[in-house]
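Undergrad: Structure incoming, see below.
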Amino acid sequence: MKKDSLVVREELLRQVKRVVVKIGSNVLTAGSDVLHKEVFRNIAKNISSIKKDGYEAIIVSSGAVAAGRKSLTCIEQPVSIPQKQASAAIGQVRLMRLYEDCFNAHGDHTAQVLLTHDALSDRKKFLNARNTLFTLLHCGIIPIINENDSVVVDEIKFGDNDILSALVTNLVDADLLLILTDRDGLYAQDPQCCEDAVLIKVVEKITKEVENLAKGSSSSAGTGGMISKVDAAKKVSIYGIPTIVVNGNTKN
Ligand code: GLU
């Protein structure tokens, strides 16, 4: 008999100790064009609370471009890649300031780690990043990772912190990848056009059919959309690690 989806979820969660939490720009801005402090407060409250319960969390956060956009006063709307890179350079400071302030309120501290995909495919750099992250976790500091947008082009173009979060999950041997986005998850129909689109509660295997569903879902979630979340889930599933996609705008 097929197990109830909630039972499957509970069984998976029971084995989790270390979790990578990926947070998209649309969550951090609550759909607006600036970072929303209340969202950061909610995230910090929840992550500090699970940390007290013995979990380890590593955050992969977007939001740098969104945070810096308004300060490029010489340009109305940053559209070119160098303009987005400049926005990210400005916004990354703000992003980290918000995280640090909100986590401090719960007695926690954060650390910024900027990575690139190619750094993670170099064995030496992979091990260096891993050692840094394990040291931070050992000291009880919450690592906050973003793409080093100022030095990469492809990732900023295709918006791929989803894929970065999958690489980080492997890098730190996490037990779960949790993706916070602006949708409740993967739907059987496009929720943008279909009001009664059905939410798929559990995907046991990422097949071509599942990928096609994700492609058809015009999720406004960041630049990657639902397909890059399914791609990330597929990557970590190779190592037997589950992914949960949830709505990051839901309180607690
Ligand atoms: N790294 C970019 C940022 O922080 C976002 C990339 C993405 O959309 O996933 O703004």
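Undergrad: Once neighbouring chains are kept in place and the probe is 1.4 Å, which whole percent of the accessible area of the chain is contributed by carbon and sulfur?
TA: Working: 6820 of 12860 Å².
Roughly 53 percent of what the probe reaches on the chain is carbon or sulfur.
Undergrad: For the chain, what ratio Rg/Rh do Cα atoms give with a Kirkwood hydrodynamic radius? Show your work: numbers first, answer last.
TA: On the way: Rg = 17.6 Å, Rh = 18.5 Å.
A ratio of 0.95.
Undergrad: Relative contact order for the chain using alpha-carbon pairs under 8 Å, separation at least 6, rounded to a whole percent?
TA: Across the chain, relative contact order equals 23 percent.
Undergrad: Is the stretch 77-143 best put as rounded, prolate or oblate by its Cα gyration tensor, with a ≥ b ≥ c the root eigenvalues, rounded for a/c under 1.5, and otherwise prolate when a/b is larger than b/c, oblate when not?
TA: Working: a/c = 4.98, a/b = 1.13, b/c = 4.41.
In terms of gyration-tensor shape, oblate.
Undergrad: Another question, if that's okay. Defining a contact as two alpha carbons under 8 Å apart and six or more residues distant in sequence, what relative contact order in percent does the stretch 4-125 show?
TA: In percent, rounded to a whole number, it is 24.
Undergrad: Now, a different point. Using only helices, what value at 222 nm comes out for the chain when you add -39,500 (n - 2.57) per DSSP H run of length 4 or more and divide by the total residues, to the nearest 500 deg cm²/dmol?
TA: Computed ellipticity for the chain at 222 nm equals -14000 deg cm²/dmol.
Undergrad: Considering only C-alpha atoms, what is the centroid distance from the stretch 89-119 to the stretch 166-195, in Å?
TA: Cα centroid to Cα centroid, the span is 22 Å.
The values are calculated or read from the model by the stated rules, or taken from the named source; none is laboratory data. Note that the structure is predicted; figures quoted are calculated from it, not measured. For the accessible areas, the whole protein counts, side chains as well, though only heavy atoms, and no ligand, DNA or RNA atoms are used. Shrake-Rupley method; radii C 1.70, N 1.55, O 1.52, S 1.80 Å.
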